[in-house]
Amino acid sequence: MNTMEQLEQQNAALRAARDTRVAAAEAACCEGLPLCQTIDTRGPLVDPERVIAEDDEALDGECVSAMDPDTIEAAWAAVKARHAELHGGLTQPEPVVSGRVFGLDGPRPVPATAAEALLRQAIDVVRERSGTYGPPAEHFKITVGLLNAAFAAKFARRLEAGEPPFEVTDWPVVMMLDKIARSMGPRGTPDTAIDLAGYASTIPACQGA
């Protein structure tokens, strides 16, 4: 039995018990008043039999206090609205999901977070790039070899002079060498020449910076 069926059975039991008590109170002591009623404000019904027993003990043979019909109608309208809100929350469809958690009726979907969506996109990109440029270790090995060949002597001179190893104008060269290493992968990319020209064009802008 799922949660909705349990709620419906419990509500039916409460309504039946209420009708029985109201009828008995009207017959015993209400002297023809149109309706005797009490509104239970103790929260959601969990155990109908316990609630009914507590109510019977509290009444202890006394008449249930009469309420104005308009007050009763307003109170029950509020109760119905609250029930509709709760039931709607139980039956609303879930958004697109990234995994599942366990709820009252077994597994239910949960929405993907922005972080999870980003990580999935990164996984797709890594898989695609590996097929284009080769495994990361092989690609980086080529890049490091090119960098060592291009900068080893220059770094030695600059460090000996007490200067930082890199200059601003070195970075376009680094990017060009990495692009060359990428082009040496399994498939390469058709835009290699364009990228190399673009990186080279930034060198004059970096001189003197």
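The values are calculated or read from the model by the stated rules, or taken from the named source; none is laboratory data. Nothing here was measured: the structure is a model prediction, and the numbers come from that model.
When the test is whether a residue is of a type in the set (S, T, N, Q) and at pLDDT 85 or above, T91 does not pass it.
Every condition in (1) assigned to a helix (DSSP H, G or I); (2) of a type outside the set (S, T, Y); (3) modelled with pLDDT under 95 is met by V174 except one, and the failing one is (3).
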